[in-house]
Amino acid sequence: MNAEQASSEVTQVPKVDSPLKRAMKDFYNKLKKNKTALFGGYLIIFLIVVAIVGPYLTSFNPSETDYSVKLQGPSAEHWFGTDHHGRDIFTRIIHGLGITMGIGFFSTLIGSIVGIFLGIVSGYYGGKIDSVIMRLMDILLAFPGILLALALISILGASLQNVVIAIAIFAIPTFARIVRGSTLATKNLEYIDAMRALGASDIRIIFKHIFPNILSPIIVQASLFIATAVLSASGLSFLGLGVQPPSPELGAILSDGKDFMWDAGHIALFPGLGIMVIVLAFNVFGDGLRDALDPKMKN
Amino acid sequence: MFQFIVRRLFQLIPVLLGVTILVFSLMHLSPGNPAHIIAGESAPESTVQQIEERLGLNDPIPVQYANFLKDVVTLDFGNSWRTSLPVSTELWPKFWVTFELAIYSTIFSIFLGLIAGIISAVRQYSVADVSIMLVALFGLSMPNFWLGLMLMQWFSINLGWLPPTGWGTPEQIIMPVFTLGTMGAAVIARMTRSSMLDVITQDYIRTARAKGLKEKVVIYRHALKNALIPVVTVVGLQFGGLLAGAVLTESVFAINGMGKLVVDRILARDFPVVQAAVLVMAVVFVFVNLIVDVSYKFLNKRIDLD
C-alpha cells in the first residue's frame with residue numbers, strides 16, 4: 001500500500017481513531033477512575049519534577065566538603081544533617097533522586113523494548129523460533145533476582161552504564177513472557193484474521209493491531225519493574241558493585257555512610273527513605289493500574 | 001504424577017545446560033588473562049605459561065567447556081585464585097549458612113504473611129485490613145539492606161539488645177531473618193488476601209454457610225485450603241528473591257554466607273568462586289521451582305478428587 005492510498009483511506013473515515021489512539025484513550029479513562037493509580041501517578045510526577053528542578057534550588061553543592069560541620073544531625077540549615085565529609089545530605093538526596101530514578105527508568109526501557117520484541121516474535125510466529133526464544137528466557141529466569149546482574153557486573157565492572165545494562169538484561173525475560181502471552185491471546189481474535197484475509201502485512205498487523213492491544217499489561221509491568229529496578233540498582237550500589245560513591249546515587253550514599261551510622265544515625269535514614277518513596281510510587285501506580293485494567297482482579 | 005515429575009525433570013536439562021554455558025562464558029568474557037591474575041602482576045612469562053597449561057586455557061573453547069561441565073557434574077570447581085583452596089571447601093560451609101538463613105526467612109514470611117493475609121480478607125475494608133495492606137505495601141517497597149541497617153541502629157546501637165553482626169546464636173538470627181523475610185511476608189499477605197477473597201465469594205462457601213457451619217469452620221476448613229494454592233506459587237517465586245536478597249542481608253550483618261562470599265570475590269576478581277556460587281544458587285532456584293510446580297499440581301489434584 002502506498003502513501004497516497006493510505007492517506008485517502010484516512011480521509012474517508014475521519015472520525016475513527018487509530019487503534020493505538022483508542023487504546024491510549026481507553027487506558028486514560030480507566031486510570032482516571034482508579035484513585036490508587038492516580039495517587040501513584042501524581043507521586044511519580046512530583047518525584048520527577050523534584051529530580052529535574054530540585055538540583056537548581058538547593059543551597060549547597062552535593063560534592064562540596066566542609067569538615068567543620070561533619071556528621072551533624074538535622075538542623076534548620078542542614079535539613080537532613082551532614083555526612084562524614086560535611087556534605088549536606090538533603091542536597092545529595094535531591095541530586096541522587098534523578099540518578100536512581102534514571103537508572104530504573106532507562107534499564108526498564110531498554111529491557112522492555114528487547115523483551116517486547118522477543119515476546120511478539122515468539123507469540124506471533126510460534127513454532128521453532130518461539131521454542132528457542134522461550135528456552136533462552138527460561139535460562140535467564142533461572143538466575144534468581146539480582147544474581148545475574150551481579151554476575152554481569154563482575155565481568156563488565158562497576159559503573160552507572162553497566163548497572164543499566166545488567167538490570168536491562170534482568171528485565172528482558174519478564175517482559176518477553178508477558179508480551180508473548182498477550183500476543184497469543186490477541187492474534188487469534190477474529191478481526192486479526194480479517195485483517196490478514198484483507199492482505200495486511202505481518203508488520204502492519206503487529207504494530208497497528210496487536211501492539212495497542214497488549215499495551216496495558218506492558219505499562220503495568222513497566223511500572224512494577226521500575227520499582228524492582230530501583231531496588232536492584234540501589235542494592236548493587238550499596239554492595240559497592242554499582243554506581244560508585246562520590247556520586248549521590250541513593251544506594252551509594254547509603255553505602256558511603258553506613259560505617260558512620262554508629263556516630264550519626266541520620267546518615268542512613270534519609271537516603272533509604274528516598275529509595276522507599278520512589279519504589280512505593282511505582283508500586284502503587286502499577287498496582288492501581290492493574291486493578292483498573294483487569295476487572296477480575298478487583299475485590 | 002510420577003510421569004509429570006519425570007517429564008519436568010527432562011525439561012530442566014536444556015535450562016541447566018544453558019545456565020552452565022552462561023556461567024562458563026562469564027569467565028571467558030572477563031577481561032584479563034586468568035593466568036596473570038593467579039601468578040600475580042610481576043610473575044615471569046614462563047610461570048604464566050605453566051599456569052595457562054595447567055588450567056587448560058590453550059585448549060579450544062568447546063574442549064574447555066566439556067571439561068568445565070565434567071567438573072560441574074563431579075562438583076569440582078577447581079581452586080580459588082585468591083586463597084588457592086579448593087572452591088568446594090570454601091563454598092559448602094557458606095552454602096549451609098545461606099540455606100539456613102533462607103529457610104528461616106521463608107518460614108517467618110509464610111507465618112506472618114498468612115496470618116496477616118487471612119485477617120485482612122476475613123475483615124475486608126476494616127481498620128485492620130487497611131493497616132495490614134498499608135504495612136505490606138511499605139514492606140514491599142523498602143530496600144531490605146536499609147531495613148537491616150535501621151534494625152541494627154535501633155536494636156544494636158540504641159538499645160543494645162541484639163548483636164549487630166554474625167550468625168549462629170538465636171540473638172544473631174533475629175534481625176537478619178526479619179530483614180530478609182519482610183518482603184516475602186508482604187507479598188504472601190497480599191496474595192493470601194486476594195486469593196481468600198476470590199474463594200470466599202464462590203458458591204460452595206455460600207453453601208457451607210447456608211448449612212449453618214460456624215464461620216471459623218467455613219474459613220479454615222473450606223476456604224483456606226483452596227485459597228492456599230496460588231500462595232504456594234508465590235512462596236516458590238519468593239525463594240529466588242530470598243537467595244538474591246541474602247546477598248544484601250549477609251553484607252549488612254557481616255554473615256559469612258554464600259551471598260557475602262560472592263560479593264567479596266567479585267571485588268577480588270576471584271572468578272572460580274563467583275562462578276561456582278552463582279551456579280549453585282541458580283541450580284537451587286531451578287529445583288525449588290520444580291518442587292513448587294509439582295506441589296501445585298498435587299494440590300490441584302487433591303481438589304479434583306475431593
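Taking a ≥ b ≥ c as the square roots of the Cα gyration tensor eigenvalues, with a/c under 1.5 meaning rounded and otherwise prolate when a/b beats b/c, else oblate, which class fits chain B?
oblate
Could you work out how far the C-alpha centroid of the stretch A:172-251 sits from that of the stretch B:251-279, in angstrom?
32
Can you spot the lysines whose alpha carbon is less than 22 Å from A:Lys208's alpha carbon? Ignore those fewer than 8 places along the same chain.
A:Lys208 reaches A:Lys15, A:Lys21, A:Lys25, A:Lys30, A:Lys187.
What are the aspartates and glutamates whose alpha-carbon lies under 12 Å from the alpha-carbon of B:Lys94, with same-chain residues fewer than 8 places away excluded?
The qualifying aspartates and glutamates are B:Glu250.
Count neighbours as other Cβ atoms within 10 Å of each site's Cβ, and list the chymotrypsin sites (Phe, Trp or Tyr not before Pro) in the stretch B:41-136 that are DSSP loop with at most 14 such neighbours.
Filter output for the stretch B:41-136: B:Tyr125.
For the protein assembly as shown, what % of the accessible area comes from carbon and sulfur atoms, probe 1.4 Å?
Roughly 66 percent of what the probe reaches on the protein assembly as shown is carbon or sulfur.
At a 1.4 Å probe radius, which order do B:Val130, B:Val263, B:Val232 fall into by accessible area, largest first?
Solvent-accessible surface, decreasing: B:Val130, B:Val232, B:Val263.
Taking the Cα centre of the stretch B:87-265 as origin, work out the dipole magnitude from +1 charges on Lys and Arg Cβ and -1 charges on Asp and Glu Cβ, in debye rounded to 20.
Roughly 780 debye, rounded to the nearest 20.
Which whole-number percentage describes the relative contact order of the stretch A:236-276, with Cα contacts under 8 Å and a sequence gap of 6 or more?
Computed value for the stretch A:236-276: 32 percent relative contact order.
Could you tell me which of B:Ile157, B:Val122, B:Ser88 has its Cα farthest along the dipole of the protein assembly as shown towards the positive end, charges placed at Cβ (Lys, Arg +1; Asp, Glu -1), taken about the Cα centre?
The one lying farthest along the dipole's positive direction is B:Val122.
In chain A, which helices (entire DSSP H runs) extend 27 Å or more along their own long axis, judged by Cα positions, while averaging at least -1.0 on the Kyte-Doolittle scale? Before the final figure, lay out each step's value.
Values: long enough: A:35-57 (32 Å, 1.96); A:89-125 (52 Å, 1.50); A:160-187 (39 Å, 1.16); A:211-238 (39 Å, 1.50); A:266-293 (41 Å, 1.41).
What comes out of the filter, once short or polar helices are dropped, is A:35-57, A:89-125, A:160-187, A:211-238, A:266-293.
Going by alpha carbons, how many degrees (0 to 90, nearest 10) lie between the helix axis of B:258-267 and the longest principal axis of chain B?
40
Pick out, in residue order, every one of the chymotrypsin sites (Phe, Trp or Tyr not before Pro) in the stretch B:142-205 that is DSSP loop and has at most 15 other C-beta atoms within 10 Å; say none if there are none.
B:Trp161
Need one number for the stretch A:106-293: average projected area of the convex hull over its C-alpha atoms, nm². Don't skip to the answer; put the middle values down first.
Values: hull surface 49.0 nm².
Orientation-averaged projected area of the Cα hull: 12.3 nm².
Just flag the GluC sites (Glu not before Pro) in the stretch B:34-115 sitting in loop per DSSP whose Cβ has no more than 11 other Cβ atoms within 10 Å.
B:Glu41
Using a 1.4 angstrom probe and counting only protein chains, how large is the accessible area of B:Val97 in Å², to 10?
30
By how many degrees, between 0 and 90 and to the nearest 10, does the Cα long axis of helix B:87-122 differ from the longest principal axis of chain B?
Helix B:87-122 sits roughly 20 degrees off the main axis of chain B.
Give the aspartates and glutamates reachable from A:Lys70 as a straight Cα distance under 13 Å; neighbours fewer than 8 places away on the same chain don't count.
Output for A:Lys70: A:Asp83, A:Asp88, A:Asp263.
What does the C-alpha gyration tensor say about the overall shape of the protein assembly as shown? Classify as rounded when a/c is under 1.5, otherwise prolate if a/b is larger than b/c, or oblate.
rounded
Compute the distance from the alpha-carbon center of the stretch A:84-150 to that of the stretch A:19-73, in whole Å.
20
Angle, helix B:61-73 long axis vs. longest principal axis of chain B, Cα atoms, 0 to 90°, nearest 10?
Computed tilt is about 50 degrees.
Given a 1.4 Å probe, how much area per residue of the stretch B:87-265 is accessible, in Å²?
Dividing the accessible area of the stretch B:87-265 by its residue count gives 43 Å².
The values are calculated or read from the model by the stated rules, or taken from the named source; none is laboratory data. Note that the coordinates shown come from a computational prediction; the quantities given were computed from them, not determined experimentally. Reconstructed Cβ throughout: ideal geometry from the backbone, glycine too, with neighbour counts over all protein chains shown. For the accessible areas, the whole protein counts, side chains as well, though only heavy atoms, and no ligand, DNA or RNA atoms are used. Shrake-Rupley method; radii C 1.70, N 1.55, O 1.52, S 1.80 Å.
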